[in-house]
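Worksheet for the structure shown next.
The values are calculated or read from the model by the stated rules, or taken from the named source; none is laboratory data. Being a predicted model, the structure only gives us computed values, none of them experimental. Cβ placement follows ideal geometry from the backbone for every residue including glycine, while neighbour counts extend to all protein chains displayed. These accessible areas exclude ligands, DNA and RNA; they are computed on the full protein's heavy atoms, side chains included. Shrake-Rupley method; radii C 1.70, N 1.55, O 1.52, S 1.80 Å.
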Amino acid sequence: MYGTPRRSPERDTPSPAAATNRTSAAIWTFTGQRIRGVGTTLRRVSDDHAPLDTPDQQDPADGRPDGPPAGERVAHRPRTTDPLELGFTPRKPVPWLAPFLLISTGIRTLLAMLFGAYLDKRELQNAFGDDAFRQAGPDGGLWLDYVADLGDGFNATYSVAYLLAQPELALDGHRLPRAQTLVMGGDQVYPSAAYASYEDRCKGPYQAALPGTPPERPTLFAVPGNHDWYDGLTAFLRLFVRSRDRHFGGWGTGQSRSYFAVELPAGWWLLGVDDQSGSYLDDPQLAYFDEVARRLGPESKVIIATPAPTWVKAADHPTAYDSVDYFIRTIIDPTGAQVRLLLSGDLHHYARYAGPDRQLITCGGGGAYLYPTHKLPERIEVPPRDTLARRASRAQPYDLVARYPDAARSRRYGWGIFPRLPFRNPGFTTLLGTLHTLLMLAMAGAAANWADTTEQRLFTVPLVMMLLVTVLAAALFAKPPSANGKRHARHWILGVSHGLAHVGLAAAGTWAWLALPFYDWPWPLPVVAAAVLYGPVSGLVASQLVAAYLLVAGSFGVNVNELFAGQGIEDSKAFLRLRIDPDGTLTIYPIAVDRVSRDWQVNPDQSPTASWLTPKTPLTPRLAEPPIVLP
């Protein structure tokens with residue numbers, strides 16, 4: 001584990017430090033018009049992309065020859081889709097199998113693991129505000145949206161943001177107004193947490209979707225995911241935890257730490273937890289929630305937003321759920337409150353497990369590549385019986401009752417790896433071509449004693465070395481050292497078999513190459529011909545071999561993530577719209593988008609809250625399953 005020493009899940013007694021850090025929570029109240037605190041009004045300060053707060057506000061630069069005063073920039077509606085007009089650059093989906101991206105992401109993950117103990121900004125957040133918040137609509141109820149895993153390619157991210165921003169969604173006989181609260185459930189940016197990436201892949205699309213603040217003045221809360229933690233949470237805190245410019249497009253940002261507590265209508269509470277990618281919960285965070293728990297009672301009902309669906313991951317990694325169980329067992333249960341709903345992203349699909357006392361929902365369909373649903377376990381026990389925690393709650397069975405996309409469609413998506421792998425990841429195909437060219441040259445040199453001169457030896461890699469590199473790389477690809485969980489026999493068998501298949505392909509390629517006239521050309525023309533002709537062809541053929549391996553391995557539960565990450569599927573997105581009635585009834589509407597838009601046009605509607613861009617072909621959202629009602 002990483003992070004500074006913190007309270008273990010086995011310790012049920014609050015530490016002295018946690019007790020001394022407790023302070024009274026200031027409760028902020030959301031009204032239909034403004035956010036107020038005790039004796040304080042949150043002031044909105046314009047920045048470079050500030051929303052226009054009222055419909056009658058107009059861009060002062062419009063119709064004024066000399067423009068705004070020096071040093072002042074005002075929000076304006078773009079007239080084209082040029083990045084200079086939009087204020088951000090729409091990005092393509094991340095090519096997850098690109099070699100340099102794999103290397104950089106691996107380095108960032110390694111650095112996060114090595115230095116997380118020294119860069120854990122949660123420990124420093126004890127000096128931040130300890131506010132809790134209250135959200136309620138004008139009718140005494142509340143509409144709340146939940147979206148996660150959103151900061152990837154523009155088309156998918158903006159399609160979801162566009163639907164979230166619309167005044168109303170009409171689908172399957174239901175009319176759902178725009179939510180007054182938006183919760184982002186983690187991984188707001190990919191692949192790394194650079195500030196420029198946040199601007200282009202997250203804030204920019206949401207600014208374009210809701211550029212101005214509507215009359216209900218919606219509020220945004222965000223939970224950091226593992227990708228938000230890759231820079232130690234620096235950019236996340238600058239974007240979502242601020243003392244000024246507290247807006248995110250048309251949404252106001254309210255939280256004062258990387259975690260939060262929100263009092264909702266009719267005894268409901270929303271608690272957003274930051275577990276630093278599976279680490280223990282830090283003492284300042286536990287002290288914060290200890291203070292919040294003083295306001296809970298037997299009549300309270302709790303929604304917990306976590307960065308990852310540890311209830312699903314615990315099926316393979318029994319310790320994954322320990323922190324969440326510890327939080328519920330030591331913070332919530334002593335108050336008598338009921339945890340009715342757990343929400344998470346991280347897995348890029350929609351799935352719902354129902355149990356005797358609560359619902360467990362994964363909804364990570366905000367924009368990132370689709371993750372399969374056909375490998376989800378049909379039944380899980382939460383917490384798992386084989387957890388190593390010395391204390392744990394009583395295990396309860398939960399059944400998989402809904403998923404989106406359905407299992408059959410998810411399997412069909414898997415077969416798309418053959419055309420999508422080389423198309424989505426040209427750098428990966430180039431890498432395969434380079435490796436196979438070197439392997440062919442090594443085999444050709446060994447077979448024909450080709451390397452007769454010093455110059456030729458410089459371009460000939462020892463055959464034994466190339467064979468070892470090929471097989472070892474394939475074995476590590478089946479289960480990278482940084483991946484969680486144990487390496488089972490199936491990982492070794494599939495990985496080594498994959499490596500031997502590449503050796504066989506290289507042998508066949510060498511035989512074909514030796515039969516061609518290029519091999520007899522004078523030096524160095526054979527090497528040039530190999531790079532120009534053999535490399536591209538072998539790379540394409542090798543990519544299809546990798547695709548076949550991923551399809552077979554995925555059926556055994558190996559490299560399932562790579563099978564779908566390599567495709568970068570933008571469609572089949574999802575988010576949640578929740579309604580809390582004044583009588584305390586919670587209704588969950590899981591909204592699915594079968595196909596995102598790929599063609600956008602400038603919106604002729606010039607009103608401040610109208611989206612800057614609209615899809616040329618209208619989006620057609622629907623319910624992924626009938627509404628879920630929790631009394």
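For the reader, a short list of remarks on this structure follows.
- Residue in the range 317-342 that is farthest from residue 287 (Cα to Cα), counting only those that are of a type in the set (Gly, Ala, Ser) and not in a helix (DSSP H, G or I): 320
- Selection over the range 103-135 of residues that are part of a loop (DSSP other than H, G, I, E, B) and either open to solvent by 40 Å² or more (accessible area, probe 1.4 Å) or at pLDDT below 90 (or both) gives a count of 11.
- Hits in the range 57-84 (condition: modelled with pLDDT of 60 or more and surrounded by 14 or more Cβ atoms within 10 Å (Cβ to Cβ)): 76, 77, 78, 81
- Scan of the range 234-244 for residues that are in contact with a helix residue (DSSP H, G or I) (Cβ under 9 Å, 6 or more places away or on another chain) and not in a helix (DSSP H, G or I), ordered by number: 241
- Among the residues of this structure, residue 224 counts as one that is at pLDDT 90 or above, in contact with an Asp or Glu (Cβ under 7 Å, 6 or more places away or on another chain), open to solvent by less than 10 Å² (accessible area, probe 1.4 Å) and part of a loop (DSSP other than H, G, I, E, B).
- One residue from 457, 490 being of a type in the set (Lys, Arg), modelled with pLDDT under 85, open to solvent by 40 Å² or more (accessible area, probe 1.4 Å) and part of a helix (DSSP H, G or I): 457
- Exclusive hit being modelled with pLDDT under 80, more than 21 Å from residue 551 (Cα to Cα) and assigned to a helix (DSSP H, G or I), set 447, 512: 447
- Subset tally (residues that are surrounded by 17 or more Cβ atoms within 10 Å (Cβ to Cβ), of a type in the set (Gly, Ala, Ser) and either under 21 Å from residue 99 (Cα atoms) or at pLDDT below 95 (or both)) for the range 542-599: 8
- The listed residues are 326, 350, and the only one of them that is surrounded by 24 or more Cβ atoms within 10 Å (Cβ to Cβ), in contact with a Cys (Cβ under 8 Å, 6 or more places away or on another chain) and farther than 18 Å from residue 221 by Cβ turns out to be 350.
- Residues of the range 404-414 that turn out to be crowded, with 19+ Cβ neighbours inside 10 Å and out of contact with any helix residue (DSSP H, G or I) (no Cβ under 8 Å at 6 or more places or on another chain), as a count: 2
- Residues of the range 512-541 that turn out to be open to solvent by 60 Å² or more (accessible area, probe 1.4 Å) and either farther than 21 Å from residue 469 by Cβ or under 36 Å from the mean Cα position of the chain (by Cα) (or both), as a count: 17
- Taking strands (runs of 3 or more DSSP E) as the structural unit, those lying wholly within the range 353-410 and holding at least 3 residues that are modelled with pLDDT of 95 or more correspond to 359-363, 396-404.
Yes or no, residue by residue, for (1) in contact with a strand residue (DSSP E or B) (Cβ under 8 Å, 6 or more places away or on another chain); (2) open to solvent by 60 Å² or more (accessible area, probe 1.4 Å); (3) free of Cβ contacts under 8 Å to residues at least 60 places away in the same chain; (4) hydroxyl-bearing (Ser, Thr, Tyr):
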| position | (1), (2), (3), (4) |
| --- | --- |
| 392 | no, no, no, no |
| 400 | yes, no, yes, no |
| 416 | no, no, no, no |
| 424 | no, yes, no, no |
| 433 | no, no, no, no |
| 439 | no, no, no, no |
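- Check on residue 396, of a type in the set (S, T, N, Q), open to solvent by 10 Å² or more (accessible area, probe 1.4 Å), in contact with a Ser or Thr (Cβ under 8 Å, 6 or more places away or on another chain) and free of Cβ contacts under 8 Å to residues at least 60 places away in the same chain: no
- The residues of the range 172-194 that are of a type outside the set (Val, Ile, Thr) and farther than 24 Å from residue 360 by Cβ, listed by number, are 173, 175, 177, 178, 180, 190, 191, 192, 193, 194.
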